[in-house]
Amino acid sequence: MKLVIEDDEGCRREVPLDRDEITIGRREDNLVHLPDRNVSRRHARLVQRDGAVLLEDLRSANGTLLNGVRISEPVPLGDGDLIRIGYRAAGRRYGAILSADGRGTVTLHLPPRGQEAVALKNGPTVLLDQAYELDDAPRWERFYLVTGDAPFSLAPVLEAAREAATSAASASPAALRLPPRLDQAVFSLEKGVPR
């Protein structure tokens with residue numbers, strides 16, 4: 001089985017689910033680390049059992065949703081199921097979301113195009129309209145939410161991401177070297193070696 005992520009323009013990418021268990025949560029020792037205060041320390045996990053991949057909520061404070069529905073017990077994942085990532089502005093007014101992968105590729109997700117950060121929506125977690133498919137780039141994929149109190153150019157942010165992605169050898173890169181007055185939140189997906 002593989003995870004397929006598709007954006008609003010129909011672009012698709014795939015990543016195999018090649019581990020017996022993938023934990024998701026706020027603690028850094030989770031395979032999928034999400035450092036957001038709305039995410040529990042050990043929030044959820046994907047488990048391979050009897051040829052199926054199950055999504056299980058680990059008694060998280062805010063719950064786990066699959067296709068927009070909160071789950072209360074392990075649920076098998078199937079073709080077409082949707083898991084989306086969002087952001088929480090936490091009082092910051094402008095931002096951008098980008099990712100870098102083990103191949104050195106940098107992708108801008110929010111805004112999908114343009115040269116400036118966009119106004120962020122405040123309130124609870126905001127889900128992006130798009131979902132993205134992880135590709136076969138080796139080792140890792142790292143996502144960055146970069147925020148500021150005023151509009152900012154994306155050029156130095158994208159350059160910092162390119163520099164970090166190309167200088168990282170086997171592990172995902174550290175935090176980006178950003179201009180003053182910009183903050184970042186990051187999470188990484190460490191990709192296992194195919195069996």
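The values are calculated or read from the model by the stated rules, or taken from the named source; none is laboratory data. Bear in mind that the values here come from a model prediction, so they are computed numbers and not experimental data. Reconstructed Cβ throughout: ideal geometry from the backbone, glycine too, with neighbour counts over all protein chains shown. SASA here: full protein model, heavy atoms, side chains in, ligands and nucleic acids out. Shrake-Rupley method; radii C 1.70, N 1.55, O 1.52, S 1.80 Å.
For residues that are within 15 Å of the chain's Cα centre (by Cα) and open to solvent by less than 40 Å² (accessible area, probe 1.4 Å), scanning just the stretch 96-107, find the one that is modelled with the highest pLDDT.
Top of the filtered list is Ala96.
Would you check if there is a residue in the stretch 152-161 being crowded, with 21+ Cβ neighbours inside 10 Å and modelled with pLDDT under 80?
no
With the condition kept exactly as written, say whether any residue in the stretch 177-190 is surrounded by fewer than 19 Cβ atoms within 10 Å (Cβ to Cβ), modelled with pLDDT of 90 or more and part of a strand (DSSP E or B).
yes
Residues checked against (1) modelled with pLDDT of 75 or more; (2) more than 21 Å from Phe143 (Cβ to Cβ); (3) open to solvent by less than 80 Å² (accessible area, probe 1.4 Å):
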| position | (1), (2), (3) |
| --- | --- |
| Val15 | no, no, yes |
| Arg27 | yes, no, no |
| Arg42 | yes, no, no |
| Gln48 | yes, yes, yes |
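Just one of the numbered conditions (1) modelled with pLDDT under 85; (2) more than 30 Å from Ser153 (Cβ to Cβ); (3) in contact with a strand residue (DSSP E or B) (Cβ under 8 Å, 6 or more places away or on another chain) is not true of Asp57; which one?
It fails just one condition, (1).
Name the residue that is modelled with the highest pLDDT, counting only residues in the stretch 108-135 that are under 18 Å from Phe187 (Cα atoms) and among the charged types (D, E, K, R).
My answer is Asp135.
Which residue out of Leu77, Leu65 is at pLDDT below 90 and open to solvent by 70 Å² or more (accessible area, probe 1.4 Å)?
The match here is Leu65.
Go through the stretch 83-95 and count every residue that is modelled with pLDDT of 80 or more and closer than 14 Å to Val146 by Cβ.
4
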